[in-house]
Amino acid sequence: MKKLVFASVLALASVSLVSAPMLRAQDSIVIKDPAEFNTYQMATSQADPKTKAMALESFLTAYPQSVVKNSVLDSLIDTYQGLQDADKTLSAASRLLQVDPSNMKAIFMSVLIKKSQCAKTQDAQTCDDAATLSGKGLAAVKPAATSDADWKKLISGTYPVFHSAIALDDITSKKDIKGGISEYRTELMLYAPEQTTTWPSQGLWDTLQLAEAYTKSDSPDHLVQAVWFYARAWNYATPIKAQIEKKMNYYYQKYHGNLDGLDAVKTQAAATLFPPGTFVISAAPTPAEIVHKLIVETTNLATLNLGDKEYALANGVKEDSDKMWAVLKNQVTPVPGIVIEASASVIKVAVTQDAKDNKIADFIVNMKKPLADKEIPAVGFEYKIPPATALVGTYDTFTQVPATATVAAQSAQIVLRDGEIQLEKKKPAAAAHKPAAGHHTAAH
């Protein structure tokens, strides 16, 4: 999706800029050498783009220091861009910058192409080059021969792309999420409303990129911003609406706990690009708040399933986890789960889905009697609930385990004593049916 959209944005942005009248080279320079003049006239008057490109290149080879070198390179940019040859367009723009470092057209075309390459390849040097050139473009001073009106038109078309390129470099190459967010916001402020509601357009595409940038931040509040800009893009980026909706729903639910209220956010975001200062999304209850509600509202804590019991032990504040533990301590329980490690005296089991996914043991069962070698379960064996083969033990101690860089959720490690393996009880085979006395089978 990204490759396709960038190609579209490149085409739209470059066409709109190159067609702007103030970007045309306005040369009043006189070529004194008749041979040079005739060669120049012949090259610039070619109707076929490929023929024209070859003629212009030949002119530069024959007259490398020509007084119209800038004009010829300018024309080459247009010609190669019309042929959709990005590499040669970039080459012509780079050569023009060597002789005219502040040439806005050459800067802009170079940024467009390098930005597109950055998005495709994630190459740090290419991304940095696009950002550096963008900085030059933003710092460029209005030429004396350019009117204020033309300059205003020029920067309205170029500045948003420059900020977009810097944002992409910040996030892709420099890993500066805060800087990238700031650049995207600055870019979007430069657009007229219709430039962020039309697909495909750079404004609408970067509305989506801003949403993506917010999801990379560690700040929970940034998820609220991410949801807003996803909702804004969802309203107008019809061809990719389904992909946007998946992400929007995911981050809204991650922050809010469910999808209630999301439709109202979509409606608000359709009306304005930036969220109002009063915009909020209520946060989902914390794990500790969920546990407290569970403890308060459950009449008999012993009736909770094993996963809820462990969740309460893992995430409750001390008062709530102590209440849960008071019900469990010294009680016998089956331990359904996958064996992570086993010896004759200890079996470690992953019971919750998080523990299974991370291949860590959340239940440690100390066996009542050492197991024979053939009784020690293999890693990966799964114990079930009786009457299937089950591992049982008596609750002994528990410890809350904080989240880590590799395990995102807080958990509990529960230790049981007097562990035993209860083998699956086979149903007795049905007795063979014997004919009653005096019963005879009819002859056929």
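FYI, it's all coordinate maths here, none of it is from the lab. Just so you know, these numbers come straight off a predicted model, no measurement behind them. Glycine gets a Cβ as well: all are built from the backbone with ideal geometry, and neighbour counts include every protein chain shown.
Over all Cα atoms in the stretch 215-284, the spread is summed up by Rg and Dmax: 11.1, 31 Å. Shown for Glu36, Glu319, Glu310: other C-beta atoms within 10 Å of each C-beta, ranked fewest to most, produce the order Glu319, Glu36, Glu310.
Residue separation of Met189 and Gln84 scaled by 0.36 nm, minus their Cα-Cα distance, works out to 34.8 nm of gained length. Our estimate of slack between Ala372 and Thr399, defined as 0.36 nm per intervening residue step minus the Cα-Cα distance, is 6.8 nm.
Simple rule: put +1 on each Lys or Arg Cβ and -1 on each Asp or Glu Cβ in the chain, find the dipole, and look at Leu90, Met54, Ile347; the Cα lying farthest toward the positive end is Ile347. Using only side-chain charges placed at the Cβ, +1 for Lys and Arg and -1 for Asp and Glu, the dipole size of the stretch 2-190 relative to its Cα centre rounds to 400 debye. For the stretch 116-186, the convex hull spanned by the alpha carbon atoms encloses 82 Å³ per residue. Think of the chain as a dipole: +1 on every Lys or Arg Cβ, -1 on every Asp or Glu Cβ, centred on the Cα centre; then among Pro387, Leu313, Ala412, Pro387 lies furthest on the positive end.
Modelled label positions at Ala149 and Ala288, each set 7 Å beyond Cα in the direction of Cβ, lie 6.5 nm from each other. Using the charge dipole of the stretch 215-284 (Lys, Arg: +1 at Cβ; Asp, Glu: -1 at Cβ; taken about the Cα centre), state which of Ala270, Ala283, Ala237 has its Cα farthest towards the positive end. About the Cα centre, the residue reaching furthest to the positive side is Ala237.
Placing +1 on each Lys and Arg Cβ and -1 on each Asp and Glu Cβ, with no other charges, gives the chain a dipole about its Cα centre of roughly 880 debye. Put a dot 7 Å past the Cα of Leu138, heading toward its Cβ, do the same for Ala62, and the two dots end up 4.4 nm apart. For the pair Val317 and Ile385, label points projected 7 Å from Cα toward Cβ lie 3.3 nm apart.
The magnitude of the dipole of the stretch 176-272, with charges of +1 and -1 set on the Cβ of Lys/Arg and Asp/Glu and taken from the Cα centre, is near 200 debye. The angle between the Cα long axis of helix 49-62 and the main principal axis of the chain comes to about 60°, on a 0 to 90 degree scale.
Between Glu36 and Gln98, take the C-beta separation as r, use R0 = 25 Å, and let me know the FRET efficiency to the nearest 0.05.
Working: r = 21 Å, r/R0 = 0.82.
Calculated transfer efficiency: 0.75.
A Förster distance of 35 Å, applied to the separation of the beta-carbon atoms of Gln125 and Thr44, puts the FRET efficiency at 0.50. Using R0 = 22 Å, the C-beta based FRET efficiency linking Lys426 and Thr333 works out to 0.40.
Taking 20 Å as the straight-line reach from the Cα of Lys105, the aspartates and glutamates in range (excluding those fewer than 8 positions away in the same chain) are Asp27, Glu57, Asp74, Asp78, Asp85, Asp87, Asp128, Asp129, Asp148, Asp150, Glu187.
Could you give the length gained by full extension between Ala302 and Ser343, i.e. 0.36 nm per residue of separation minus their alpha carbon distance, to one decimal place?
On the way: separation 41, 0.36 × 41 = 14.76 nm, distance 3.02 nm.
My answer for the length gained is 11.7 nm.
Scalar couplings 3J(HN,Hα) for the stretch 174-179, obtained by applying the Karplus form with A = 6.51, B = -1.76, C = 1.60 to θ = phi - 60°, are 8, 6, 9, 5, 4, x Hz; x denotes Gly and Pro. Taking every C-alpha pair closer than 8 Å and separated by at least 6 residues, the mean separation divided by the residue count of the stretch 287-422 gives a relative contact order of 25 percent. Diffusion coefficient of the chain by Stokes-Einstein, Kirkwood radius over Cα pairs, 10 °C, 1.306 mPa s: 57 µm²/s.
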